[in-house]
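Colleague: Dumping the structure here so I can ask a few things about it.
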């Protein structure tokens, strides 16, 4: 019995009269009309594979799963899918970053973003002027480039997770940048700083918010959403709701902060801790949307001679002071609610005080072992520095003669090479 031809087996594949290109016409249950088109090939085996891929694609779309082909489609799909998993503000910020920096490439397929392409995009970003300061000629920083392209990788890792692609199509190392010493409030300056905050702070919101950042390491978004009922007065813990990462963790409240909170709310009444000032009537969740104590933070820092303080550097102060109190890094990571310990380590500043203490201990030990030694003046082996051993003088002359002979040999070799040339 003759083996049936592939044309008879797949009746939906056919050739039009006068053409060798294979076309298809397939009836699918989810479509009212048959799906038809060209496979763009003359090979029956290739045409069968094309037809199977088209049928699989329509099967996915029939159950609400779409195939992602371009960067723009991937960004929109991430924005929709991550609703409920991450905050709305984070989704909007990442989407805006993608539109500003990669919007011109939204129509490109995901395979377009090879290593060479992404590196050129980063170079373009670094040579671009910062928005808003074009007159000064300031270019985008390496830190900004690392942040922007880390967000791009977040999108591609999502594509790998959803099995749109098998792996990230490019490799890009972070740019190394010189870390400058960032400002923070020292342990000995805490009392002076909080006094300065009470002096320059307007209303009760800013002093309370700054104490929450310094005493609990809260982020600004968490301060805006802080509520009195999240405090367990008996256990002396505060549990922030909707943390950025790490889940809900009960943070222990230090005694000085707990006493301040008791004075601020003696009746322990529920409600928001921060009451933003506004002249317009608005809902409770919208009242603190624009609350920001950055002016108070900066002015109080200048009063104690710590310029450049920001809201987030108060959170960094919390981590730094814990580290200087010999608290293990793993515990600080839990208090900061970080998923990765490396992130926690970035918040902590180098302990220069301990380096100074180490040098003082070294000097003290040196004075004990070698009393009376002055390291600023050289110590001669002989009483008279001009007295020279005659053997050393002869050896020095011999060495000079050897050097002269080597120089003559070098000259001779160079002359020979010139003659040869």
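The values are calculated or read from the model by the stated rules, or taken from the named source; none is laboratory data. Only a predicted model underlies this, so the values are computations on that prediction, with no experimental measurement involved. Note: ideal-geometry Cβ built from the backbone for every residue, glycine included; neighbour counts use all protein chains shown.
Colleague: For residue 337, are the conditions met, namely being within 18 Å of residue 213 (Cα to Cα) and in contact with a strand residue (DSSP E or B) (Cβ under 9 Å, 6 or more places away or on another chain)? It would help to see each step written out before you state the result.
Modeller: Numbers: within 18 Å of residue 213 (Cα to Cα): yes; in contact with a strand residue (DSSP E or B) (Cβ under 9 Å, 6 or more places away or on another chain): yes.
Yes; evaluated as a whole, the condition is true for this residue.
Colleague: Here's something else I'd like to know. Name the helices (runs of 4 or more DSSP H) wholly inside segment 139-246 in which the number of residues that are farther than 21 Å from residue 86 by Cα is 3 or more. Before you say what the answer is, go through the steps one by one.
Modeller: Values: elements: 142-161, 190-200, 205-216, 220-224.
It comes to 142-161, 190-200, 205-216.
Yes or no, residue by residue, for (1) surrounded by 10 or more Cβ atoms within 10 Å (Cβ to Cβ); (2) at pLDDT 60 or above; (3) in contact with a helix residue (DSSP H, G or I) (Cβ under 8 Å, 6 or more places away or on another chain); (4) not assigned by TED's automatic domain parsing to the domain that holds residue 216:
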site	(1), (2), (3), (4)
329	yes, yes, yes, no
334	yes, yes, no, no
339	yes, yes, no, no
346	yes, yes, no, no
349	yes, yes, yes, no
369	no, yes, no, yes
374	no, yes, no, yes
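Colleague: Let me ask something else about it. Considering only segment 302-312, I want to know if a residue exists there that is at pLDDT below 90 and part of a helix (DSSP H, G or I).
Modeller: For segment 302-312, residues at pLDDT below 90 and part of a helix (DSSP H, G or I): absent.
Colleague: Separate question: Report yes if residue 157 is in the same structural domain as residue 81 (by TED's automatic domain parsing), under 30 Å from residue 118 (Cβ atoms) and free of Cβ contacts under 8 Å to residues at least 60 places away in the same chain, otherwise no. Can you show your working first?
Modeller: Working: in the same structural domain as residue 81 (by TED's automatic domain parsing): yes; under 30 Å from residue 118 (Cβ atoms): yes; free of Cβ contacts under 8 Å to residues at least 60 places away in the same chain: yes.
Criteria met by residue 157.
Colleague: Just give me the residues in segment 195-211 being touching a helix residue (DSSP H, G or I) at 6+ places or on another chain (Cβ under 7 Å) and buried (at least 16 other Cβ atoms within 10 Å of the Cβ), in sequence order.
Modeller: 196, 197, 200, 201, 206, 207, 208, 209, 210, 211
Colleague: Hey, does segment 266-273 have a residue that's closer than 23 Å to residue 332 by Cα and exposed (fewer than 13 other Cβ atoms within 10 Å of the Cβ)? Don't jump to the end; show me each part of the working.
Modeller: Initially, segment 266-273 is screened for residues closer than 23 Å to residue 332 by Cα, giving none.
The answer is no; no qualifying residue exists.
Colleague: Turning to a different aspect of this structure: Just one of the numbered conditions (1) surrounded by 12 or more Cβ atoms within 10 Å (Cβ to Cβ); (2) within 24 Å of residue 338 (Cα to Cα); (3) at pLDDT below 90 is not true of residue 237; which one?
Modeller: Going through (1) surrounded by 12 or more Cβ atoms within 10 Å (Cβ to Cβ); (2) within 24 Å of residue 338 (Cα to Cα); (3) at pLDDT below 90 one by one, residue 237 breaks only (3).
Colleague: OK, next. From the list 276, 316, exactly one residue is modelled with pLDDT of 90 or more, surrounded by 12 or more Cβ atoms within 10 Å (Cβ to Cβ) and either in contact with a helix residue (DSSP H, G or I) (Cβ under 6 Å, 6 or more places away or on another chain) or assigned to a loop (DSSP other than H, G, I, E, B) (or both). Which is it?
Modeller: Details: 276 fails: modelled with pLDDT of 90 or more.
Result of the check over 276, 316: 316.
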